[in-house]
Amino acid sequence: MTHAETQLYKAALLHDIGKLIFRSGDRERHPVSGGKFVEALLRDDTISHIVRNHHKADWRKNREPTLRHLLALIVCEADTMASGERTTDNGMASRPLESIFNQISIGGRPKPPGLHYQPVGRLSLERGRYKFPKPFDRKKAHDRKELSIDYTDQWLDFLREADSMAEVDQDTLLFLYKKYLWCVPSAYFRTVPDISLYEHTRLTAAIAVCLFRALRQEYPNVELDQIPYEAVEDRGTARYLLVGGGFSGIQNYLYGIAHKGALKALKGRSFWINFAVETIARHFLEKLDLPLANLVYANGGRFYLLLPTSAESRLNELKEGIEQRLLKDYEGHLGFEFGMVKLSGKELGSKVIAHKWGEVEKEIKKSKRRKFPLAAVAQDSGFFDPHGPSGSVVQCQYTKKDLVEASVLESVPKASISPANIGAQYYKRWTVPTSNKPLDKIYLDITETSSPKESRFISSEQWDAQKLGYLIRDDKQVAVSVENSDVSVLRLEYLQFHRLSDRTKEALPPDAKRYILFNDDDFLSWPFQPAKRNEWRFYGGDWIVSKKNENDREPKTFEDLALDCLGIERLGVLRMDVDDLGWVFCEGLGDNATLSRITQLSTMLDFF
């Protein structure tokens with residue numbers, strides 16, 4: 001991103017921070033208090049000017065012929081389009097965030113009875129920090145007092161952490177916003193407060209960057225500060241792309257696991273699917289030089305991006321690159337779905353967005369019918385040639401996939417056979433030549449026997465899934481790099497896991513491009529490197545039944561659980577899923593559907 005784009009993006013993220021300051025007791029207008037905070041935090045006159053003038057009335061009053069004032073107008077426009085959800089309400093007093101699930105109605109069924117509000121608080125999993133939605137009575141002095149205290153605490157904690165950042169990385173700032181502003185309404189005065197300040201500001205930032213790129217494309221030979229203001233305010237031109245993508249074949253991939261180590265493998269694969277779909281989305285953004293706020297949603301094997309139309313010419317190339325990787329690594333068992341639709345500013349900021357979202361879903365379904373995309377097949381000149389070993393072969397004991405010719409194992413040097421383990425499971429790792437790759441790894445299970453038997457070999461993919469499921473149970477710091485490490489994500493990124501107890505700079509690889517903390521939102525309290533991106537996120541699959549107590553990470557085995565039963569010693573398996581999520585996004589919000597509400601719903605479903 002250019003320097004001007006970076007300034008615009010940060011200003012758009014910070015434009016409404018004054019609202020949290022106002023609700024903590026400072027009664028200065030939020031553009032003014034926000035501008036003062038930004039000036040102290042960033043020491044950047046352009047960004048603080050944009051924040052002070054992100055309302056049209058202020059922008060007109062303080063009009064000046066400068067680039068920073070043009071950027072302020074772009075944020076004004078983006079702010080207005082991102083506020084398309086606001087519904088008139090008679091409420092004037094401060095209220096907490098209304099749960100977006102209050103709005104859901106499917107198939108003509110009535111909405112949930114009663115209104116639930118999200119109290120202000122942290123997303124931490126520690127006891128007492130997260131507060132579940134509950135009713136709120138604005139007439140009760142106790143409820144009003146509690147809300148005022150919560151807002152003050154939230155602002156002071158945010159201020160403390162923001163001041164601790166020696167250098168304000170824009171993606172780290174976005175995750176700090178998620179930590180503190182996920183539960184703060186973007187507006188409540190005469191407005192239904194159902195969109196968080198986090199969702200509103202990240203959507204504003206995404207729209208602002210897209211609008212800036214569109215203007216540069218439309219006026220390539222004009223200095224930035226000479227772009228007409230009328231062009232910025234034009235909402236009739238299609239300047240935006242809503243892009244959707246994800247995996248097909250997820251169910252078959254998830255359940256193609258071994259009986260032994262099944263739980264670890266299932267956890268590992270489900271984690272990998274969610275991480276991989278976000279990695280692909282990030283890959284698109286990196287190649288297009290766009291910030292993380294333009295990732296609208298990534299979960300459940302699907303992602304959505306908001307892009308400028310200038311990105312359209314590169315999307316097919318990026319899509320084909322992912323298809324080729326999947327075809328090479330998974331031989332068609334996992335496919336890539338993709339679809340996009342153009343949007344004007346008027347459509348982006350209005351309630352027709354649900355129909356546009358539906359159009360993207362239709363495009364994705366069309367691409368799903370093409371199991372082997374022509375472009376991906378064309379890149380592989382030997383696609384229709386025989387693949388894999390021949391003759392007498394060693395197969396994976398669970399998937400029955402051909403691994404290597406049996407005769408090859410007799411000539412494998414002893415030096416290429418090394419010990420490996422996943423918890424209490426022990427293996428020998430054989431590095432052998434195959435017909436597909438110069439060297440590959442297969443694993444001989446020696447937990448119960450030490451003599452090589454053909455039926456005891458498993459593939460490297462089965463091993464990787466089990467190993468990943470084992471790692472994410474205890475190791476909650478993840479370093480993401482572009483170099484080969486513990487876990488490959490389509491060779492786009494590599495994950496290296498570390499334990500939370502190793503909170504030292506020496507424990508983390510200094511060459512990683514970003515660090516992620518799982519299930520702990522204190523992501524700035526560990527070794528913080530200003531030049532790197534620091535992130536946090538939830539992962540629910542690390543929960544286990546411990547042998548002793550909740551602090552003991554040694555899990556009970558299935559046999560242990562069966563012995564705990566009253567009566568017959570059997571295990572029960574409960575499998576749950578949320579069906580028709582696309583339908584919920586397209587129709588669940590009805591006439592109230594806007595892009596802000598859709599992003600709010602996606603985030604809350606992720607937390608759920």
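Quick note: the coordinates plus some simple rules give every number you see, no bench work behind them. Remember, it's a predicted structure, so these values are computed and weren't measured experimentally. Neighbour counts run over all protein chains shown; Cβ positions are idealised from the backbone, glycine included.
Here are a few things to note about the model shown:
- Distance from segment 113-139 to segment 296-342 (C-alpha centre basis), Å: 37 Å
- Protection proxy ranking of 278-287, 6-15 - average other beta-carbon atoms within 10 Å, highest first: 6-15, 278-287
- Relative packing of peptides 313-320, 61-68, 135-142, 40-47 - highest average C-beta neighbours within 10 Å first: 40-47, 313-320, 61-68, 135-142
- For the residue pairs LYS19/LYS61; LYS10/LYS467; LYS287/LYS365; LYS140/LYS351, alpha carbon separations beyond 32 Å are given by LYS10/LYS467; LYS140/LYS351.
- Debye intensity ratio in log₁₀ form over the Cα atoms of segment 96-214, taken at each q of 0.10, 0.11, 0.14, 0.16 Å⁻¹: -0.39, -0.46, -0.72, -0.90
- Rounded tilt (10° steps) of 67-82 against the dominant C-alpha axis of the chain: 70 degrees
- Equivalent ellipsoid semi-axes - Cα gyration tensor, segment 173-214, angstrom: 21, 15, 5
- Flagged links, alpha-carbon separation over 18 Å, of LYS267/LYS556; LYS401/LYS441; LYS428/LYS476: LYS428/LYS476
- Beta bridge orientation in the chain: antiparallel %, DSSP, nearest 5: 90 percent
- Seen against the Cα atoms of the chain and their longest principal axis, helix 3-14 is set at about 80 degrees.
- Gyration tensor over alpha-carbon atoms, segment 1-123, equivalent ellipsoid semi-axes in Å: 32, 17, 14
- For the chain, the share of alpha carbon pairs falling in successive 10 Å distance bins from zero is 3, 15, 24, 25, 18, 10, 4, 1, 0 percent.
- Note on segment 230-280: Cα convex hull, mean projected area over all directions, 5.3 nm².
- For LYS111, the aspartates and glutamates whose Cα falls under 17 Å of its own Cα, not counting residues fewer than eight places away in the same chain, are GLU98, ASP194, GLU587, ASP591.
- For segment 399-411, 3J(HN,Hα) computed residue by residue from phi via the Karplus equation (6.51, -1.76, 1.60; θ = phi - 60°) reads 8, 6, 6, 5, 9, 6, 5, 4, 5, 5, 4, 5, 9 Hz, glycine and proline entered as x.
- Surface/4 estimate of mean projected area, convex hull on alpha-carbon atoms of segment 565-608, nm²: 4.7 nm²
- Relative intensity, log₁₀ I(q)/I(0), of segment 246-357 from a Debye sum that treats every alpha carbon as a point, q = 0.11, 0.19, 0.21 Å⁻¹: -0.43, -1.05, -1.20
- For the chain, relative contact order (Cα pairs under 8 Å, six or more residues apart, normalised by length) works out to 15 percent.
- Principal semi-axes of the equivalent ellipsoid, √(5λ) from the alpha carbon gyration tensor of segment 1-52, are 21, 9, 7 Å from largest down.
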